Amino acid sequence: MEVSHRVVILRQKRVKNQEEKLAKVSYLLEGNPFENMGRWNEAFSNRNDIYLEIGCGKGKFIISHAKEEQDKNFIAIEGQQGVLLRALEKLEEERKENDLKNLIFIDKYIEDIRDMFKENEIAGIYLNFSDPWPKSRHAKRRLTHSRFLEGYESILKRGGFIEFKTDNPILWDFSVDELEGSPFKIIEKTEDLHKSVFSSRNFTTEYEDKYRLLYKKIYYLKAVKE
Ligand SMILES: C[S@@+](CC[C@H](N)C(=O)[O-])C[C@H]1O[C@@H](n2cnc3c(N)ncnc32)[C@H](O)[C@@H]1O
């Protein structure tokens, strides 16, 4: 596990003056997420449901959700600091107009989600354009691999969901297979999200916007823990 992390970190692109820029917005980060395990509602000072995005990139999707659904709490996790910096800067800008106290960012790579959240603590998980890891020998790193699904099942409440979007047909087929072999039940599924009935309530991500300009089809599914 350690090795795969190191490989990913080495590939990170650095932003100019990244450390100084990060220091300025680090007050928006949850410093020690592991300590909040089982107590995330205290971190938000309310009892509202909590939703996670893993691999939030530059944060457009989760900031839109948090603005639109202020009666819900959101936690966005991103391992690449240079990318997360953009999300934090966006949040800082948004905060000039909106409180957005319902959104917390975490700068970590998830290996086992159960390190941060207790059983039944989470109401929904968003996986948007997760890294496809196309080589089959890297399949275990895909965020929809059964080893990750086991963790999601544990932290999700009954009725909790995973929503998954990708442009990548190989990751799509793999993810559908993994979910079909898991305790989750797929309740929504389309191979062309933007032409489907689900598009009207869809919040787009940065990657999605880019792919739409290229007329790429977006695969989407929602699976629930029964
Ligand atoms: C292809 S990008 C998509 C970003 C964003 N969701 C979007 O759709 O615009 C995938 C992101 O997931 C992050 N990521 C991949 N594995 C992760 C993990 N295990 N924990 C946290 N972030 C992860 C990567 O650093 C990258 O920024």
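Derivation of every value follows stated rules applied to the coordinates shown; laboratory data play no part. These figures come from a predicted structure and were not determined experimentally. Here Cβ is always computed from backbone atoms with ideal geometry, including for glycine, and neighbour counts include all displayed protein chains.
To the nearest 20 debye, what is the magnitude of the charge dipole of the chain about its Cα centre, counting +1 on the Cβ of each Lys and Arg and -1 on the Cβ of each Asp and Glu?
On the way: 40 positive and 40 negative charges, 128 e Å.
Around 620 debye, computed over the chain.
Cα gyration tensor of the range 1-125, axes a ≥ b ≥ c as square roots of the eigenvalues: rounded (a/c below 1.5), prolate (a/b > b/c) or oblate? Working shown, then result.
On the way: a/c = 1.95, a/b = 1.17, b/c = 1.67.
Verdict is oblate for the range 1-125.
Arrange Tyr152, Tyr109 by Cβ neighbour counts within 10 Å, fewest through most, would you? It would help to have the intermediate numbers written out before the result.
Numbers: Tyr152 26, Tyr109 15.
Lowest to highest Cβ neighbour count: Tyr109, Tyr152.
Show the residues, 5+ positions off or on another chain, whose built amide H is closer than 5 Å to the amide H of Ile125.
HN-HN under 5 Å from Ile125: Leu52, Phe161, Ile162, Glu163.
Roughly how many debye, to the nearest 20, is the charge dipole of the range 120-197 about its Cα centre, given +1 on each Lys and Arg Cβ, -1 on each Asp and Glu Cβ, and no other charges?
Details: 12 positive and 13 negative charges, 49 e Å.
Once rounded to the nearest 20, the dipole reads 240 debye.
Using the crude model of +1 on Lys and Arg Cβ and -1 on Asp and Glu Cβ, and no other charge, please compute the dipole size for the range 158-209 relative to its Cα centre, in debye to 20. Walk me through the numbers on the way to the answer.
On the way: 6 positive and 12 negative charges, 77 e Å.
It works out to roughly 360 debye.
Against the 2.2 N^0.38 Å scaling, with N counting residues, where does the range 71-151 land? I'd like the Cα-based Rg ratio to two decimal places. If you can, show how the numbers build up before the last one.
Details: Rg = 14.7 Å, N = 81, 2.2 N^0.38 = 11.7 Å.
The range 71-151 yields a ratio of 1.26.
In the chain, what percentage of the DSSP-assigned beta bridges are antiparallel, given to the nearest 5?
On the way: 12 of 31 bridges.
The antiparallel fraction comes to roughly 40 percent.
Would you kindly derive the ³J(HN,Hα) couplings of the range 106-118 from the backbone phi angles with the Karplus curve 6.51 cos²θ - 1.76 cosθ + 1.60 (θ = phi - 60°), listing them in order in whole Hz, with x for Gly and Pro?
Going residue by residue, I get 10, 9, 9, 8, 7, 10, 9, 4, 5, 6, 10, 10, 8 Hz, with x marking Gly and Pro.
Rounded if a/c is under 1.5, else prolate if a/b is larger than b/c, else oblate: which is the chain, with a ≥ b ≥ c the root eigenvalues of its Cα gyration tensor?
rounded
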